[in-house]
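Take a look at the structure below.
Laboratory data are not the source of any read-out in this text; all were calculated from the coordinates shown. Owing to the predicted nature of the structure, the values given are computational and were not obtained by experimental measurement. Counting neighbours? That spans all protein chains shown, and the Cβs are built from the backbone with ideal geometry, glycine included.
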Amino acid sequence: MTSSSRLAQTLAQTKQTGGEHSPPEIRELIRGYQAGEIDDRLMTAWLQAVCDRGMSFEETTALTEAMAKSGRIIEWPPEFRPIVDKHSTGGVGDAVSLIAVPLAAACGARVAKLAGRALGHTGGTIDKLECIPALRSDLTVEEFIGQVARVGCAIAHATDELAPADKLLYALRNRTGTVRSAPLIAASVVSKKMAGGADAMVLDVTCGCGAFMRSLPEARTLGEMMSHVGRRLGRRVDVLITDMDQPLARSVGDALELDEALAVLENDGWPSESLRELAIEVAAALLAADGATAPETSRVRVREALQQGAGLRRFSEMVAAQGGRLDLFNRTLQPSGTIQAASTGVIGWIDAHACGQFVRANSAAPKGDVHRGGLRFRKAAGDHVERGEIVADIFGAPEASQVRDLTQAVQIGREKRRQRPLILDRF
Ligand code: URA
């Protein structure tokens, strides 16, 4: 057993018994895992202990810093600053970044977004963006900087150069069911923002059954942790706690969500109002993140940019700069089936977690195949339905039992469940 392996074992035991780690111990743990000196089994035991016992602000700050410094940290030339970035802690039907990033850039913000892939039942921005034929998300640091300078925005996957320790841990957490932990999520998100060199970050902390943080107190704890860590590391942080009990959009699934995000940018009438409104709010927060633009002014500018098609033009420029062929993206996906109302009544609630699980279980087709699994709702909470009426279209090839389970996710009763506001808290 190497000394790093022994350390990992000791730290897992310390954590399980309620102890606290020192910053040098955390740095050595991350270094050892990245160097391949600690195997996945030992690291998983430590992750499990963190999921069970949590971490203090100090430990989380040390973990964030260790992961950010596991690779390069982008130094932006002063003339491009402030650089802003946005991240969501994960949701279902959450294509906000695809809309908010180009919209904010169209209003003058410089948005350098480092994004991730699907995690657990939640979707990933990179997977959605890669539905565009030929689009490259693996930009080198130089390409990333050059694009933000020219176009005003880029959405890239953190390459091996940036926060590589997060990439390794992210994949391990996804394989071992150790995702739902506030300090692990906080360190994962903020380390990527640090590596990307962001001066300010807008963090969307999702809350509800479709999120990793199920309750408002849990979401607030995560938001406060990220805010504390980000500020301790010298960044401006704006946290929005948002509702994720139901899918945010009418579509769930990479290609379908991309199509709906494009429809928002095109000012089409059919997309979800919640998706549109949250994207506007996040874009305004990105614009106001320079500390010089008032939030109300930012909102007005973002709405104007959306109406005038400036967000769509910026999105097309960003995609073209990343080699993508938006003209080849197939937007006429054919459903393979439907979900029908199990009874007559009013749709009270649509279970976001069940929708996310259904889609992830049906998204195994190879990259580049835009006919990946998904759902698109024809009905929403509050709509009256007759038994057997179509509630949603299904895409992909799910098994009959999965479709049956999904039918249960659409809860029908006498009235709509009382809906929470889209933005539950902000600080
Ligand atoms: N997004 C991330 O980047 N990391 C997490 O752990 C969860 C959501």
Report the extension gain between residue 232 and residue 176 in nm, rounded to one decimal, defined as 0.36 nm multiplied by the number of residues separating them, less their alpha carbon distance. 17.2 nm
Can you tell me which lysines have their Cα less than 17 Å from the Cα of residue 193? Leave out same-chain residues fewer than eight positions away. 69, 86, 113, 167
Below 26 Å, Cα to Cα, which lysines can residue 416 reach? Residues fewer than 8 away in the same chain don't count. 379
Tell me the relative contact order for segment 3-54 as a rounded percent, counting alpha carbon contacts under 8 Å between residues six or more apart. 55
Hey, any idea what the orientation-averaged projected area of the convex hull of segment 282-353's Cα atoms comes to, in nm²? 9.5
Distance in nm between pseudo-label sites at residue 40 and residue 58 (7 Å out along the Cβ direction from Cα): 3.4
May I ask you to derive the relative contact order of the chain, considering only C-alpha pairs under 8 Å and at least 6 residues apart, and to give it as an integer percent? 19
At each listed q (0.10, 0.12 Å⁻¹), what is the log10 of I(q)/I(0) that the Debye formula gives for the chain modelled as equal alpha-carbon point scatterers? -0.67, -0.97
Taking N as the number of residues in segment 78-328, what is its Cα Rg relative to 2.2 N^0.38 Å? 0.91
When you count, for each residue, the other Cβ atoms within 10 Å and take the mean per peptide, how do 142-154, 408-420, 262-274 rank with the highest first? 142-154, 262-274, 408-420
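Please give the calculated 222 nm ellipticity per residue for the chain, where each DSSP H segment of at least 4 residues contributes -39500 (n - 2.57) and the sum is spread over every residue; nearest 500 deg cm²/dmol?
Details: 16 runs with 196 residues, N = 427.
Theoretical 222 nm ellipticity from helices: -14500 deg cm²/dmol.
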Assuming 1.002 mPa s and 20 °C, estimate D for segment 1-106 with Stokes-Einstein, Rh taken as the Kirkwood radius over Cα pairs, in µm²/s. 132
Give a residue-ordered list of calculated ³J(HN,Hα) values for segment 261-270 (Karplus: 6.51 cos²θ - 1.76 cosθ + 1.60, θ = phi - 60°; whole Hz; x for Gly, Pro). 4, 4, 5, 5, 5, 8, 6, 6, x, 7
Once phi is turned into θ = phi - 60°, what whole-Hz ³J(HN,Hα) does the Karplus curve with 6.51, -1.76 and 1.60 give for every residue of segment 411-421, x standing for Gly and Pro? 8, 10, x, 8, 8, 5, 5, 4, 8, 7, x
State to the nearest 20 debye the size of the charge dipole of segment 3-54 about its Cα centre, where the only charges are +1 on K and R beta carbons and -1 on D and E beta carbons. 40
Contour excess over end-to-end distance, with Cα ends at residue 81 and residue 143 and 0.36 nm allotted per residue: 20.6 nm
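How big is D, in µm² s⁻¹, for segment 3-54 by Stokes-Einstein at 37 °C and 0.692 mPa s if Rh is the Kirkwood radius over C-alpha pairs?
Diffusion coefficient, whole number: 310 µm²/s.
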Stick to Cα atoms and the Kirkwood definition of Rh, then tell me Rg/Rh for segment 276-427. 1.05
Return the Rg/Rh value of segment 240-309, two decimal places, where both radii are evaluated on C-alpha atoms and Rh is the Kirkwood radius. 1.00
